[in-house]
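Structure first, then comments.
The values are calculated or read from the model by the stated rules, or taken from the named source; none is laboratory data. Keep in mind that what you see is a predicted model, and the values were worked out from it rather than measured. With ideal geometry, Cβ positions are generated from the backbone for all residues, glycine too; neighbour counts draw on all protein chains shown. Note: accessible area is taken over every heavy atom of the protein model, side chains too, but ligands, DNA and RNA are not part of it. Shrake-Rupley method; radii C 1.70, N 1.55, O 1.52, S 1.80 Å.
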Amino acid sequence: MRRRRTWGLGRAGLLALGAAVLLSGCGIRTTSVPVDAGAAPSRVPCSVPGEASGTGGQSGVPLRVYLVCGAQLDAVERRSPLSEEKAAGDPVRTASALLAQLQSEPSDEERRAGFATAVKGPLVVSAARKGDPKGTLRLSRQPEDLPPTALAQIVCTFAESTAGEPGGSGSTVDSVVLGGPGPYGPRRYSCTTELKERPESAVRSSPAGP
């Protein structure tokens, strides 16, 4: 007795056929050959060889400034032509030297390590006005008018230097009091871990107090 040939695919076969149809309908070609998509992308190093980048043995005061690397803020070590005698005890001189470093283009080594700066000139810093809280630094532009990343760089660079104010009253967060050229009162800006991790976000501030 001749058996009838069964052409049915069965449930498993139908499921496999349906999956293949869906994949082909989405424009995806199925293949049994492994595909080499290349090496996985690697994060930029964010580390500059040497103790002070872009200084070439230049004398002066060692400075720590925050640049942008990998969408975050990372510190680099530099040196200012300003002598230690002139910088000592003068927050405005220190802030001016730091601001000049932030506005300068990263060195070749820094660029290769992934560093960039969002702080663009012309931008200068001056001393407090009459009635400003002690330690106020006035920028030639309103802080809130600066790009958020640029302001974040300035805040963290100033706050962690002698131009800013160390954390007090049990606080470990350094801060700086900034104002602009207008008639508006200065405000206090703090350099937090969140600010370093997300410098493109709006930089928060609080009243500076007396």
Taking only pairs six or more apart or across chains, which ones have beta-carbon atoms under 9 Å, a first residue in region 89-107 that is closer than 13 Å to residue 67 by Cβ, and a second residue that is open to solvent by 30 Å² or more (accessible area, probe 1.4 Å) and assigned to a helix (DSSP H, G or I)?
105/111
Among (1) open to solvent by 30 Å² or more (accessible area, probe 1.4 Å); (2) small (Gly, Ala, Ser); (3) touching a residue at least 24 places away in the same chain (Cβ under 8 Å), where does residue 152 come up short?
(1)
Subset of region 174-197, residues open to solvent by less than 10 Å² (accessible area, probe 1.4 Å) and of a type in the set (A, V, I, L, M), comes to 176, 177, 178
If you check 52, 97, 87, which single one turns out to be of a type outside the set (Val, Ile, Thr), over 23 Å from residue 198 (Cα atoms) and modelled with pLDDT of 90 or more?
97
For region 169-186, indicate whether the set of residues that are within 20 Å of residue 62 (Cβ to Cβ), at pLDDT 90 or above and polar (S, T, N, Q) is non-empty.
no
It is to be established whether one or more residues within region 167-174 are of a type in the set (D, E, K, R), out of contact with any His (no Cβ under 9 Å at 6 or more places or on another chain) and closer than 18 Å to residue 209 by Cβ.
yes
Report, by residue number, each residue of region 107-122 that is open to solvent by 10 Å² or more (accessible area, probe 1.4 Å) and out of contact with any Cys (no Cβ under 8 Å at 6 or more places or on another chain).
107, 108, 109, 111, 112, 117, 118, 120, 121, 122
Give 200, 144 a once-over and let me know the one that is open to solvent by 90 Å² or more (accessible area, probe 1.4 Å) and touching a helix residue (DSSP H, G or I) at 6+ places or on another chain (Cβ under 7 Å).
200
Only one of (1) of a type in the set (Gly, Ala, Ser); (2) under 16 Å from residue 64 (Cβ atoms); (3) open to solvent by 30 Å² or more (accessible area, probe 1.4 Å) is not met by residue 126, so which one is it?
(2)
Modelled with pLDDT of 95 or more, farther than 16 Å from residue 75 by Cβ and acidic (Asp, Glu): does that describe residue 200?
yes
